[in-house]
Amino acid sequence: MISQDIRAAAPEMDPLRMGMGWKAEDLSKPQIMVESTFGDSHPGSAHLLQLVEETVRSVAESGGKAARYFATDICDGMAQGHDGMNYSLASRDAIAGMIEIHAGATPFNGGVFISSCDKAVPAHLMGIGRVNMPSILVTGGVMDAGPDLLTLEQIGIYAAKCARGEITPEKLEWYKHHACPSCGACSFMGTASTMQVMGEALGLMLPGTALLPATSQRLKDAARRAGQQVIHLARTGLRPRDMVTVESFENAVMVHAAISGSTNSLLHIPAIAREFGIDFDAEMFDRLHRGAHYLLDIRPAGRWPAQYFTYAGGVPRVMEEIRSVLHLDAMTVTGKTLGENLDELKRTGYYDRCDEDCRQVGLHWQDIIRPYHQAIGTDGAIAILKGNLAPEGAVIKHTACPKEMFTAVLRARPFDCEEDALQAVLHHDIQPGDAVFIRYEGPKGSGMPEMFYTTEAISSDAELGRSVALITDGRFSGASTGPSIGHVSPEAAEGGPIALVEEGDLILLDIPARRLEIVGVKGKRMPPEEVASVLEQRRKCWTKPQIKYQHGVLKLFSQHAQSPMKGGSIG
């Protein structure tokens, strides 16, 4: 084992470990790094120390010795409304980098990685692929819903209504005080919940452990079982890159389509795949989503909070329903194939327990996860749009887009930052038929923050929510709804065509044809070659802006981050 090789090479190792309380007999045991994002940073991480301690005890009981490592994450919700959001995507790469540093500086025989939320889970998945030691991911589950099934993604809508005088400040305050009643990831199928599901779909989690209620004993049991299993993986030497293949990623994307997962997965999945040595781009998302059955009736697109997902059977139930399109021979951290895992769950009564959970809330599992042949939709959830506005692509979650906006020609209303666009929406300067552009918000522009408040201001307006598109080289919250088109590439800061859009340009949105095009200037339709000529003239007058951040992490990130459609990671 590598830990023993290091002991032989570095005589300082043993005394230093004994100096922090290790016993002599611990030194020769399988050594396991338990890396978590525990910290008082937000509800998704504040409870993780309990899971760390369960895992540490389990490792000891299984004949190993665990060492706790920490690199906490930030919360996109707490980063909203100020420049803190610009750190969000950069934090993913920073956490993955800390995993590399921790595991590289002191090699271990295996690792258990414990996280819950938007950037932490993808960071841990990236780190698992990068360090490639026997590893298991444990996710911190999902928070409970509040009174009347209130969940956090509704707060943005209520805040916009309060700004327009449609509800009182007192009512908004009540919603704010009751939307997060426990620890765990936010209770809707946003990025945090989506990425927990992706971790299990990739085969890097124990079956049925994604999105467990954060307050349940089952989550602690999952941490204990992970501690046992990682010792087995360490002894057998089964590494992540031995298990996770292109087929594993295709399985994950098929599950993503079935749950109508967050568009931010288009940033994370390619970045994770790269760490596993796999080229997996957004075009594969589009190909796999076409014709895929969308089954999950969970918010923000559906009716129920995310805590109901596990009641209905979670990832295994979704996989059973789409079993015919999965690679069942994909290997997993159990040491068995995906197909073997699914068969074992049926034999051991997993679904009986789930059915009882559903009965406790007065539902049947089919109310939450539709059967394959009773799908909510049959064309997946994500579309990749291309054209002269987005030569490298842009992403839209079409399951959250009104049908009347699937094909539309819109008037361009460009803004160079979100703050200006938001004020235009709130002051009724945006009209039906407009395409609101928010640019210079990509990875190199400002770190690629969410355009959350602007999307909520538009979608909460009954008229604008069905007639206005938001187009950006930034990204969106997993809770966003409406015709929101993000990740436009190349981004404005790199001179992409989005930087050349002017007031009154005509924008074609054609989701069925996967097109996003500038088709006219100053309100007049023009042939493609004339549009191209106009854009070329504008490019000659365009000046590359000075980098926004001149020091620190965001300077490094903006200098080295890749295109949004390539995952926005430092590459």
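The values are calculated or read from the model by the stated rules, or taken from the named source; none is laboratory data. All of these numbers come straight from a predicted model, not from anything done at the bench. Don't worry about glycine lacking a Cβ; one is built from the backbone with ideal geometry, like all the others, and counts go over all protein chains shown. For the accessible areas, the whole protein counts, side chains as well, though only heavy atoms, and no ligand, DNA or RNA atoms are used. Shrake-Rupley method; radii C 1.70, N 1.55, O 1.52, S 1.80 Å.
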Residues of the range 545-563 satisfying the condition of being in contact with a helix residue (DSSP H, G or I) (Cβ under 7 Å, 6 or more places away or on another chain) and part of a helix (DSSP H, G or I)
VAL553, LEU554, PHE557
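Condition check: open to solvent by 20 Å² or more (accessible area, probe 1.4 Å) and modelled with pLDDT of 95 or more. Does ARG299 satisfy that?
no
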Condition (residue is under 17 Å from the mean Cα position of the chain (by Cα), open to solvent by 30 Å² or more (accessible area, probe 1.4 Å) and within 17 Å of MET448 (Cβ to Cβ)) applied to the range 38-52: is it met by at least one residue?
no
Exclusive hit being modelled with pLDDT of 95 or more, within 19 Å of THR407 (Cβ to Cβ) and crowded, with 19+ Cβ neighbours inside 10 Å, set LEU500, LEU509
LEU509
Across the range 359-396, the tally of residues that are on the phi > 0 side of the Ramachandran plot and in contact with an Asp or Glu (Cβ under 9 Å, 6 or more places away or on another chain) stands at 3
From MET205, MET189, grab the single residue that is of a type outside the set (Gly, Ala, Ser) and closer than 20 Å to VAL112 by Cα.
MET205
Among the residues in the range 9-22, are any in a helix (DSSP H, G or I), surrounded by fewer than 20 Cβ atoms within 10 Å (Cβ to Cβ) and touching a strand residue (DSSP E or B) at 6+ places or on another chain (Cβ under 8 Å)?
no
Any residue in the range 385-413 that's closer than 17 Å to PHE285 by Cβ and surrounded by fewer than 20 Cβ atoms within 10 Å (Cβ to Cβ): show its pairings with residues that are modelled with pLDDT of 95 or more and of a type in the set (S, T, N, Q) at Cβ separation under 9 Å, as long as the two are six or more apart or on different chains.
GLU392/SER489
Residues located in the range 150-168, provided they are out of contact with any Lys or Arg (no Cβ under 9 Å at 6 or more places or on another chain) and either on the phi > 0 side of the Ramachandran plot or of a type in the set (Phe, Trp, Tyr) (or both):
GLY165
Expected single match for of a type in the set (A, V, I, L, M, F, W, C) and within 22 Å of the chain's Cα centre (by Cα) among VAL253, VAL230 is VAL253
Going through the range 515-538 in order, the residues found to be open to solvent by 20 Å² or more (accessible area, probe 1.4 Å) and within 16 Å of LYS386 (Cα to Cα) are ARG515, GLU517, PRO528, ALA532
Among the residues of the range 275-296, count how many are farther than 17 Å from MET319 by Cβ, open to solvent by 30 Å² or more (accessible area, probe 1.4 Å) and either charged (D, E, K, R) or assigned to a loop (DSSP other than H, G, I, E, B) (or both).
8
Picking from GLU25, GLU35, the residue that is within 30 Å of ALA8 (Cβ to Cβ), among the acidic types (Asp, Glu) and open to solvent by 30 Å² or more (accessible area, probe 1.4 Å) would be GLU25
List every residue pair whose Cβ atoms sit under 6 Å apart, with the two residues 6 or more apart in sequence or on different chains, where the first one lies in the range 90-114 and is farther than 25 Å from ARG475 by Cβ and the second, anywhere, is assigned to a loop (DSSP other than H, G, I, E, B).
ASN109/MET1; ASN109/PRO30; GLY110/MET133; GLY110/PRO134; GLY111/MET133
For the range 148-171 the number of residues that are part of a helix (DSSP H, G or I) and over 18 Å from VAL425 (Cβ atoms) is 8
If a residue counts only when it is under 23 Å from the mean Cα position of the chain (by Cα) and among the β-branched types (Val, Ile, Thr), which strands (runs of 3 or more DSSP E) contained entirely in the range 437-544 have at least 2 such residues?
469-472, 484-489
Taking the residues in the range 447-479 that are polar (S, T, N, Q) and surrounded by fewer than 24 Cβ atoms within 10 Å (Cβ to Cβ) as candidates, determine which candidate is nearest to ALA192 (Cα to Cα).
SER460
ILE74 meets each of (1) surrounded by fewer than 19 Cβ atoms within 10 Å (Cβ to Cβ); (2) touching a residue at least 40 places away in the same chain (Cβ under 8 Å); (3) among the β-branched types (Val, Ile, Thr) with one exception, condition (1)
Does LYS544 fit the bill of being in contact with a Gly (Cβ under 8 Å, 6 or more places away or on another chain), in contact (Cβ under 8 Å) with a residue 40 or more places away in the chain, closer than 26 Å to LEU422 by Cα and surrounded by fewer than 21 Cβ atoms within 10 Å (Cβ to Cβ)?
yes
What is the residue count in the range 60-108 for residues that are outside any helix (DSSP H, G or I) and over 30 Å from LYS176 (Cβ atoms)?
11
Test ARG287 against the stated conditions and say whether it is under 24 Å from LYS386 (Cβ atoms), without any contact (Cβ under 8 Å) to a residue 24 or more places away in the chain and not aromatic (Phe, Trp, Tyr).
yes
Conditions first: (1) open to solvent by less than 20 Å² (accessible area, probe 1.4 Å); (2) on the phi > 0 side of the Ramachandran plot. GLY552 passes all but one, so which condition is the exception?
(1)
